[in-house]
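Structure, as structure tokens:
The values are calculated or read from the model by the stated rules, or taken from the named source; none is laboratory data. No experiment lies behind these values; they were computed from the predicted model shown. All Cβ positions, glycine included, derive from the backbone under ideal geometry; neighbour counts span all protein chains shown. These area figures cover heavy atoms from the full protein model, side chains too; ligands, DNA and RNA do not enter into them. Shrake-Rupley method; radii C 1.70, N 1.55, O 1.52, S 1.80 Å.
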Amino acid sequence: MTARIASGRPRPDKETRPTVSAGGILFDARGRVFLLRREDEGIWCFPKGRIEAGETPQEAAAREILEESGLRCEIGKKVGEIGYAFYWPPDDVNYDKRVVWFLARPLGGDVRLEDRFDDWRWTTPARALRLLHHGNDKGILRKALKAAGLTGRS
């Protein structure tokens with residue numbers, strides 16, 4: 001088991017680096033949403049990661065979902081963007097992060113978690129809203145449900 005590492009409030013005495021990521025809110029045919037649990041922080045989240053040079057946000061979202069979960073997916077419409085700042089102890093820096101979120105639909109593959117995740121699940125949107133740790137994640141799920149024409153009660 002990996003030791004728990006927690007991000008924190010930005011520290012005024014530390015360097016700040018901008019970073020842009022992309023991710024997907026995956027819904028299956030039953031309207032369930034896919035969640036991953038980060039082993040280092042012990043929190044539930046959606047698959048996402050940094051956009052690499054030459055990649056579109058959509059390409060990055062599909063790649064990150066595949067790398068983190070083993071699932072191939074179709075990237076749909078943009079749901080929204082969120083921004084936040086945090087201090088990350090392993091790098092000893094603050095990050096000013098922007099994340100572009102898309103609807104996504106699984107096309108196939110077997111769940112194979114990247115080593116920084118220790119659990120996963122397909123769950124109802126209502127349960128996902130209870131499991132998600134960050135308010136930004138809960139807000140983007142609500143936007144994704146609306147964009148997908150789903151309710152949060154399923």
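Rolling a 1.4 Å probe over the protein chains gives Thr151 an accessible area of about 70 Å². Only protein atoms count toward the accessible area here, which uses a 1.4 Å probe; on the chain, the carbon and sulfur part of that area reaches 47 percent. When Leu150, Leu26 are compared by accessible area of protein heavy atoms, the largest-first order is Leu150, Leu26, using a 1.4 Å probe. For the stretch 122-154 and the stretch 83-115, what is the centre-to-centre distance using only Cα atoms, to the nearest Å? Each part reduced to its Cα centre gives a spacing of 17 Å. In this view, the solvent-accessible surface of Val111, computed with a 1.4 Å probe and all protein chains in place, comes to about 40 Å². Using the alpha-carbon atoms, what tilt in degrees (0 to 90, nearest 10) does helix 57-69 show relative to the longest principal axis of the chain? On a 0 to 90 degree scale, this one is about 90.
Of the whole protein surface, Asp96 contributes about 80 Å² of accessible area at a 1.4 Å probe radius.
When all protein chains stay in place and ligands, DNA and RNA are ignored, the 1.4 Å accessible-area order of Leu131, Leu113, largest first, is Leu113, Leu131.
If the elastic network links every pair of Cα atoms under 10 Å, which of Ala29, Ala126, Ala104 fluctuates the most in the Gaussian network model of the chain? Result: Ala29 has the largest fluctuation of those listed. Report the calculated FRET efficiency for Glu52 and Asp92 (r = Cβ-Cβ distance, R0 = 22 Å), to the nearest 0.05. According to the calculation, E is roughly 0.40.
Heavy-atom accessible area per residue, the chain, 1.4 Å probe: how many Å²?
For the chain, the solvent-accessible area averages 53 Å² per residue.
In the stretch 93-144, which trypsin sites (Lys or Arg not before Pro) fall in coil by DSSP and have 15 or fewer other Cβ atoms within 10 Å? Within the stretch 93-144, the qualifying trypsin sites (Lys or Arg not before Pro) (loop, at most 15 other Cβ atoms within 10 Å) are Arg112, Arg116.
Computed from phi, the 3J(HN,Hα) profile of the stretch 133-147 under the Karplus parametrisation 6.51, -1.76, 1.60 (θ = phi - 60°) reads 8, 8, x, 4, 5, 5, x, 6, 5, 4, 5, 5, 4, 5, 5 Hz, with x in place of Gly and Pro.
For the chain, count all C-alpha to C-alpha pairs, find those more than 22 Å apart, and express that count as a whole percent of the total. More than 22 Å apart: 39 percent of the Cα pairs in the chain.
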